[in-house]
Amino acid sequence: GPEPGRHDEL
Amino acid sequence: MNVFRILGDVSHLLAMILLLLKIWRSKCCTGISGKSQILFALVFTTRYLDLFTNFVSLYNTVMKVIFLLCAYLTVYMIYGKFRKTFDSENDTFRLEFLLVPITGLSFLENYSFTPLEILWTFSIYLESVAILPQLFMISKTGEAETITTHYLFFLGLYRALYLANWIWRYHTENFYDQIAVVSGVVQTIFYCDFFYLYVTKVLKGKKLSLP
């Protein structure tokens, strides 16, 4: 998954 | 950013605005599950804690603020302003049956064991089941106002569009967010029987009433 804390979706 | 995600976010925003308008104009929240709206407010609260620490884009920040405002305003209208019209005797889904297992799962299955990441994971899992009290209420009352069905349609459509967004991102930028994808599939599946009723009844001008 994306690196933790870097969620770019709503 | 891609067209599926933009359409998904617009559909999501439209759903929230439809619901707010319905309650505000009819001054009535009969048939609306307050519990689902509480869960949605909790989803946005636990997901957008990085609002100030993790700047992604102006669009991202603005939409997060709008979603949070819509969610809390809806809860306020149901439990505050129009609470006399709230039929709590039909809104009986036991939230602990959702919150306890999802809390446990977000501690077990996450990308990293940090408070922000566990809360984000919790919000993803919670969102996939947050509509259940509303669907349960409709199955209990056996019918739903047409405007409520349009709200549910755009709410279900938004996550279905996000599935297309994840397929697109997988093929174009090799992006794969397993927790979000699996939860999104489960969430969209919960809407399937509603989608069927919506297309076969509401779009034909009939009222949505369950057999």
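Can you tell me the length gained on complete extension of the stretch B:Val186 to B:Thr92, counting 0.36 nm per residue apart and subtracting the Cα distance?
Value of the extension gain: 31.6 nm.
Beta carbons within 10 angstrom, averaged per residue: use that to sort the peptides B:53-64, B:75-86, highest first. Before the final figure, lay out the partial values.
Values: B:53-64: 13.1, B:75-86: 16.0.
By packing density, highest mean first, the sequence is B:75-86, B:53-64.
Between B:Thr172 and B:Ser139, how many nm apart are label points set 7 Å from Cα along the C-beta direction?
Placing both labels 7 Å along Cα→Cβ, they lie 3.8 nm apart.
Shielding by partners for B:57-66, please: the mean number of other protein chain Cβ atoms within 10 Å of each residue's Cβ.
Rounded to a whole number, the mean comes out at 1.
Can you give the mean number of other chain Cβ atoms that lie within 10 Å of the Cβ atoms in peptide B:169-175?
Shielding by partners across B:169-175 averages 1.
Could you work out how much longer the chain between B:Val62 and B:Tyr76 gets when fully extended? Use 0.36 nm per residue separation minus the Cα distance between them, nm to one decimal. Spell out each step's value before the answer.
On the way: separation 14, 0.36 × 14 = 5.04 nm, distance 2.10 nm.
Additional length available on full extension: 2.9 nm.
Is any residue of region B:6-20 close enough, with backbone N under 15 Å, to a label point placed 7 angstrom from the Cα of B:Leu69 along the Cα-Cβ axis, and if so, which?
Those under the cut-off are B:13-14, B:16-18, B:20.
Bear in mind these aren't lab numbers, they're just calculated from the coordinates by the rules spelled out. Everything quoted here is computed from the prediction, not taken from an experiment. For neighbour counting, all protein chains shown are included, and Cβ atoms are generated from backbone atoms with ideal geometry for every residue, glycine included.
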